[in-house]
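What follows is one structure encoded as structure tokens, with my remarks underneath.
Each value in this text was obtained by applying a stated rule to the coordinates, not by laboratory testing. Treat the numbers as computed from the prediction; the structure is a model and nothing was measured. A quick note on method: Cβ atoms are made from the backbone with ideal geometry, for glycine too, and the neighbour counts reach across all protein chains shown.
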Amino acid sequence: MVSQINLNQIDNMQYDVLKEIGNIGAGNATTALSQMINSKIDMKVPKVDLLEFKELSDIVGGAENIVVGILFTLEGQIDGMMMFMMDMGAARHLVNLLLGGAYGSETGKFSEMERSALNEIGNIIAGAYLSSLSSLTNLLITSSIPYMAIDMSGAILSVPAIEFGKIGDKALLIETEFGDTDNAVNGYFILIPTIDSYRAILSSLGL
Amino acid sequence: MSEMIKVGMADLNVCISPNAITTLGLGSCVGIVLYDPIRKIAGMVHVMLPDSTKIINNENKAKFADTGIDLLIKQMLAIGAERRSLVAKIAGGAQMFAFGANNDMMRIGDRNVEATKLKLQQLGISLKAEDTGANYGRTIEFYPETGMLLIKSVGKEKKTI
């Protein structure tokens with residue numbers, strides 16, 4: 001049986017499965033990040049939120065809060081988008097951990113080297129997330145190169161929101177907070193499969 | 001006391017001077033302001049997609065350029081705006097990420113702007129000013145008292161159109 005999915009009326013079983021996907025994906029991503037910066041990173045239990053577009057930009061501190069968004073387009077047996085988003089403080093913290101603060105200034109704009117490091121962080125995180133999703137579902141997923149934007153969170157979130165907008169009036173967000181012991185950094189993983197890919201994911205897991 | 005009325009994503013609202021109306025962080029979406037300069041009544045809709053007829057799930061009218069403008073006009077007339085007096089200003093429709101040229105998502109901002117202009121043209125509403133395209137987000141505030149649209153972006157000077 002092929003599951004029907006309507007984002008406005010997700011049943012409990014579908015919700016749990018999507019949450020588990022977020023859990024496994026973000027878990028692997030956090031491990032990858034931790035190895036990359038050679039520092040312990042803790043991850044909180046992911047939250048799965050079904051939000052109205054109106055509420056969407058509030059998750060990262062308001063629509064005008066400046067954030068770094070790294071977006072990937074997905075193809076293969078699951079297509080859609082995946083986005084990794086963090087606030088400027090978190091991005092700065094990660095870049096400094098990775099590069100030892102040797103490039104660019106402590107504050108203000110990111111240098112070319114730092115932007116490239118951020119893209120690489122995005123790449124590794126998304127790769128870990130997607131490979132766990134791929135082995136869980138046994139579906140082939142290929143991801144694009146990272147596309148980065150640093151801007152108001154509302155403006156950045158408009159891109160995945162528009163994709164959600166094509167299939168419903170709400171956005172499904174799998175949000176995971178992570179951080180090292182003394183300096184919490186907030187990161188958000190957003191997975192946005194197309195409606196057909198939702199079906200593919202759920203049916204691959206026997207739903 | 002004047003108030004700043006907020007419009008969210010896929011949302012719309014109306015306002016009468018001295019109040020003002022705003023939407024925060026427009027990306028590829030388009031913020032459409034319609035106003036009646038004589039009665040100082042304005043409305044704003046934050047649309048995400050160009051065309052409601054291309055989408056199966058189209059209950060939220062404020063999500064689309066075509067149905068959003070229709071609904072906005074209806075609500076403005078209900079609070080006393082005159083249909084023939086209405087003029088428009090628009091902003092947004094940016095391309096936030098530098099996708100490749102063959103990517104369907106790439107042109108969504110442009111398509112939103114095109115659909116908005118087409119709809120305004122069909123309705124005979126004159127477009128007084130626009131600040132659209134490019135690759136950055138915009139917060140907009142509209143003041144029906146003066147008819148001015150203030151645009152704020154990250155790392156850029158404020159501008160008024």
Only loop residues by DSSP count here, and only those with at most 14 other Cβ atoms within 10 Å; note down the trypsin sites (Lys or Arg not before Pro) in region A:11-112 that meet that.
A:K40, A:K44, A:K109
Any residue on another chain or 5+ positions along whose placed amide H is under 5 Å from the amide H of A:T142 is listed here as A:E75, A:G76, A:Q77, A:I78
To the nearest 10 degrees, the tilt of helix B:108-123 (Cα long axis) against the first principal axis of the alpha carbons of chain B is 40
Among A:M36, A:I24, A:L136, the residue whose Cα sits farthest towards the positive end of the charge dipole of chain A, when +1 is placed on the Cβ of each Lys and Arg and -1 on the Cβ of each Asp and Glu, is A:L136
Viscosity 1.567 mPa s, temperature 4 °C: what is the translational diffusion coefficient of the protein assembly as shown from Stokes-Einstein with a Kirkwood Rh over Cα pairs, rounded to a whole number of µm²/s?
61
Diffusion coefficient in µm²/s returned for chain B by Stokes-Einstein, Kirkwood Rh over C-alpha pairs, 20 °C and 1.002 mPa s, is 139
B:S17 versus B:S126: modelled label distance in nm, points set 7 Å from Cα along the beta carbon direction:
1.8
Percentage of interatomic Cα-Cα distances in region B:1-91 larger than 16 Å:
50
What angle do you read, to the nearest 10 degrees and between 0 and 90, between the alpha-carbon axis of helix B:65-78 and the longest principal axis of chain B?
10
Other chains near A:81-94: what is the mean number of their Cβ atoms within 10 Å of each residue's Cβ?
0
Overall dimensions of chain A by Cα: Rg and Dmax, Å
16.5, 56
I want to verify a result. In a Gaussian network model of chain B, Cα cutoff 10 Å, which of these has the top mean-square fluctuation: B:N58, B:N19, B:N112?
B:N58
Where a label projected 7 Å from the Cα of A:I145 along Cα→Cβ would reach, residues of region A:49-81 with amide N under 14 Å
A:71-73
Residue-by-residue Karplus 3J(HN,Hα) for region A:142-148, coefficients 6.51, -1.76, 1.60, Hz, glycine and proline x
10, 10, 6, 5, x, 10, 10
Are there any GluC sites (Glu not before Pro) in region B:40-120 that are in a DSSP loop and have at most 14 other Cβ atoms within 10 Å? List them by number.
B:E59, B:E82
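Determine the shielding of peptide B:89-99 by partner chains: average, over its residues, the number of Cβ atoms on other chains within 10 angstrom of each Cβ.
4
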Evaluate the distance, in nm, between pseudo-label points positioned 7 Å from the Cα of A:E55 and of B:M148 along their respective Cα→Cβ axes.
3.7
Between the Cα axis of helix A:195-204 and the main Cα principal axis of chain A, the angle (0 to 90°, nearest 10) is 80
Under a cut-off of 13 Å between alpha-carbon atoms, report the aspartates and glutamates in cross-link reach of A:K47, not counting same-chain residues fewer than 8 places apart.
A:D16, A:E20, A:E175, A:E177
Filter the cross-link list B:K6/B:K63; A:K19/A:K40; B:K128/B:K159 down to pairs whose alpha-carbon distance in this structure exceeds 20 Å.
A:K19/A:K40
